[in-house]
Amino acid sequence: MSTLYIVSTPIGNLEDLTQRALAVLRAVDRILAEDTRHSAVLLKRYEIRAPMVSLHEHNEAARTQEVLAWLAAGEDLALVSDAGTPLVSDPGERLVRAVVAAGQQVVPIPGPSALLAALVGAGLPTCPFTFYGFPPRSGTARAELLRQLAAAEHTAVLYESPNRLGRLLADLDAEGAGERSAVVARELTKVHEEFRRGTIHELCAHYAAQPLVRGEVVVLLEGREAAAVDVGTAEALARSLLAAGHPASEVARELVLRLQLRRNQAYRIVQSVGT
Ligand code: SAM
């Protein structure tokens, strides 16, 4: 069976190509690259000679049909993006879905990604976390995302361009997240790698004073503290709803809605009073 390999490549430091990625890129019949000129630097550095064809957001739909034909003809292919892991805020999702639907094999070759590098270096809680990719630039989608971020009770990770960083921080501040801990991870794996830590408010002030941000950034926002809950009140409410004949799932939902409990906490309380 033919294989489409999804190969992670460095996000700055060219030493970060895994042995397996190198072996795969040297062995495949063709490399699908987001930007062939960009990936040519990596291929030259590692003497990888497989022919490259482009696969980017503007030709992914058309290219997918060709890829299916190449796989059906017995070729092995590798997908790479400009940096990091394909499909993570990068093209490839449509392609992978089509290849899976066609019954061909997809094999990930894991490696660098700015998302995980930023998360593990930030010093914020790592599980659970939510990855939002790039925030919408305007409109109701942006307003809705900012609202979600301000309400989130776990770490949020976002990609942002350096010239929009100040505005994102200011919007989060305006949304009421000013006192929350946050981290701007910049130039990961590169010479000037930096983790700038502070509250949203402090980071806002820093980047307002120094608006020229060089390099690439990931923004991480710590979740807000869950509201302190009076367990006795929650148990009493759960008991009375259960006694009135409401099913446990409905009771848990009521505890979440009325007392702003986390869902797993609500279920624990319902279980503890129901047994
Ligand atoms: N697929 C890539 C990955 O796995 O990380 C991400 C591609 S996305 C188009 C590019 C964004 O990733 C940048 O705008 C930035 O937010 C983040 N990024 C990529 N490389 C980075 C680096 N070396 N340092 C900080 N952020 C980086």
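The values are calculated or read from the model by the stated rules, or taken from the named source; none is laboratory data. Predicted model, so just to flag it, every value in this text is computed and none were measured. Don't worry about glycine lacking a Cβ; one is built from the backbone with ideal geometry, like all the others, and counts go over all protein chains shown. Just the protein is used for accessible areas: all its heavy atoms, side chains included, with ligands, DNA and RNA removed. Shrake-Rupley method; radii C 1.70, N 1.55, O 1.52, S 1.80 Å.
Tell me yes or no: at least one residue of the stretch 203-211 is in the same structural domain as T130 (by TED's automatic domain parsing), without any contact (Cβ under 8 Å) to a residue 40 or more places away in the chain and surrounded by 17 or more Cβ atoms within 10 Å (Cβ to Cβ).
The answer is yes; a qualifying residue exists.
One residue is enough: does the stretch 59-66 have a residue meeting the conditions over 28 Å from A117 (Cβ atoms), touching a Lys or Arg at 6+ places or on another chain (Cβ under 7 Å) and open to solvent by less than 30 Å² (accessible area, probe 1.4 Å)?
From the stretch 59-66, those over 28 Å from A117 (Cβ atoms) are 59, 61-66; that's our starting set.
Pick out the ones that are also touching a Lys or Arg at 6+ places or on another chain (Cβ under 7 Å) and you get 61, 64.
Checking the rest, the ones that are also open to solvent by less than 30 Å² (accessible area, probe 1.4 Å) come to 64.
Scanning the stretch 59-66, I find at least one residue that is over 28 Å from A117 (Cβ atoms), touching a Lys or Arg at 6+ places or on another chain (Cβ under 7 Å) and open to solvent by less than 30 Å² (accessible area, probe 1.4 Å), so the answer is yes.
Checking R137 against (1) farther than 20 Å from G12 by Cβ; (2) without any contact (Cβ under 8 Å) to a residue 12 or more places away in the chain; (3) exposed (fewer than 14 other Cβ atoms within 10 Å of the Cβ); (4) assigned by TED's automatic domain parsing to the domain that holds S181, only one condition comes out false. Which one?
(2)
Considering every residue within the stretch 240-249, establish whether at least one is touching a helix residue (DSSP H, G or I) at 6+ places or on another chain (Cβ under 9 Å), within 29 Å of L149 (Cβ to Cβ) and either open to solvent by 50 Å² or more (accessible area, probe 1.4 Å) or not assigned by TED's automatic domain parsing to the domain that holds F131 (or both).
Yes, because at least one residue in the stretch 240-249 is touching a helix residue (DSSP H, G or I) at 6+ places or on another chain (Cβ under 9 Å), within 29 Å of L149 (Cβ to Cβ) and either open to solvent by 50 Å² or more (accessible area, probe 1.4 Å) or not assigned by TED's automatic domain parsing to the domain that holds F131 (or both).
Within the bounds of the stretch 175-195, is there any residue that is away from the ligand (no atom under 16 Å from the Cβ), free of Cβ contacts under 8 Å to residues at least 24 places away in the same chain, surrounded by fewer than 16 Cβ atoms within 10 Å (Cβ to Cβ) and farther than 26 Å from G84 by Cα?
Yes.
Looking at the structure I just gave you, is A69 surrounded by 17 or more Cβ atoms within 10 Å (Cβ to Cβ) and hydrophobic (A, V, I, L, M, F, W, C)?
The answer is no for A69.
Anything in the stretch 1-40 that is among the charged types (D, E, K, R) and outside any helix (DSSP H, G or I)? List them, or say none. I'd like the intermediate steps shown before the answer.
As a first pass, look at the stretch 1-40 and keep what is among the charged types (D, E, K, R): 15-16, 20, 26, 29-30, 34-35, 37.
Listed by number, the residues that qualify are D29, R30, E34, D35.
Applying the selection to the stretch 25-44, what residues are open to solvent by less than 60 Å² (accessible area, probe 1.4 Å) and of a type outside the set (K, R)?
L25, V28, I31, L32, A33, E34, D35, T36, S39, A40, L42, L43
Kindly establish whether A50 is more than 26 Å from the chain's Cα centre (by Cα), open to solvent by 40 Å² or more (accessible area, probe 1.4 Å) and on the phi < 0 side of the Ramachandran plot.
Values: more than 26 Å from the chain's Cα centre (by Cα): yes; open to solvent by 40 Å² or more (accessible area, probe 1.4 Å): no; on the phi < 0 side of the Ramachandran plot: yes.
Considered against the rule, which asks whether it is more than 26 Å from the chain's Cα centre (by Cα), open to solvent by 40 Å² or more (accessible area, probe 1.4 Å) and on the phi < 0 side of the Ramachandran plot, A50 comes out as no.
Just need a number here: residues in the stretch 4-24 that are touching a helix residue (DSSP H, G or I) at 6+ places or on another chain (Cβ under 8 Å) and buried (at least 16 other Cβ atoms within 10 Å of the Cβ). Let's see the steps before the verdict.
So in the stretch 4-24, the residues touching a helix residue (DSSP H, G or I) at 6+ places or on another chain (Cβ under 8 Å) come out as 4-11, 14, 17.
Next, from what is left, pick out any that are buried (at least 16 other Cβ atoms within 10 Å of the Cβ): 4-11, 17.
Residues flagged as touching a helix residue (DSSP H, G or I) at 6+ places or on another chain (Cβ under 8 Å) and buried (at least 16 other Cβ atoms within 10 Å of the Cβ) within the stretch 4-24 amount to 9.
So, in the stretch 140-174, how many residues would count as being within 19 Å of R262 (Cβ to Cβ) and either touching a residue at least 60 places away in the same chain (Cβ under 8 Å) or open to solvent by less than 60 Å² (accessible area, probe 1.4 Å) (or both)? So that I can check it myself, show each step before the final result.
Keep residues of the stretch 140-174 that are within 19 Å of R262 (Cβ to Cβ), which gives 147-156.
Filter once more, so that each one left must be either touching a residue at least 60 places away in the same chain (Cβ under 8 Å) or open to solvent by less than 60 Å² (accessible area, probe 1.4 Å) (or both): 149-156.
The number of residues fulfilling the criteria is 8.
Residue check: is R94 basic (K, R), open to solvent by 40 Å² or more (accessible area, probe 1.4 Å), at pLDDT 95 or above and under 18 Å from the mean Cα position of the chain (by Cα)? Before you say what the answer is, go through the steps one by one.
Working: basic (K, R): yes; open to solvent by 40 Å² or more (accessible area, probe 1.4 Å): yes; at pLDDT 95 or above: yes; under 18 Å from the mean Cα position of the chain (by Cα): yes.
For R94, the condition - basic (K, R), open to solvent by 40 Å² or more (accessible area, probe 1.4 Å), at pLDDT 95 or above and under 18 Å from the mean Cα position of the chain (by Cα) - is met.
Select from the stretch 231-262 the residues that are under 30 Å from H201 (Cβ atoms) and in contact (Cβ under 8 Å) with a residue 24 or more places away in the chain and list them in ascending order.
Residues of the stretch 231-262 that are under 30 Å from H201 (Cβ atoms), as a first pass: 256, 259-262.
Residues satisfying the conditions are L259, Q260, L261, R262.
Does A117 count as within 16 Å of the ligand (Cβ to nearest atom), surrounded by 14 or more Cβ atoms within 10 Å (Cβ to Cβ) and not acidic (D, E)?
Values: within 16 Å of the ligand (Cβ to nearest atom): yes; surrounded by 14 or more Cβ atoms within 10 Å (Cβ to Cβ): yes; not acidic (D, E): yes.
Yes; evaluated as a whole, the condition is true for this residue.
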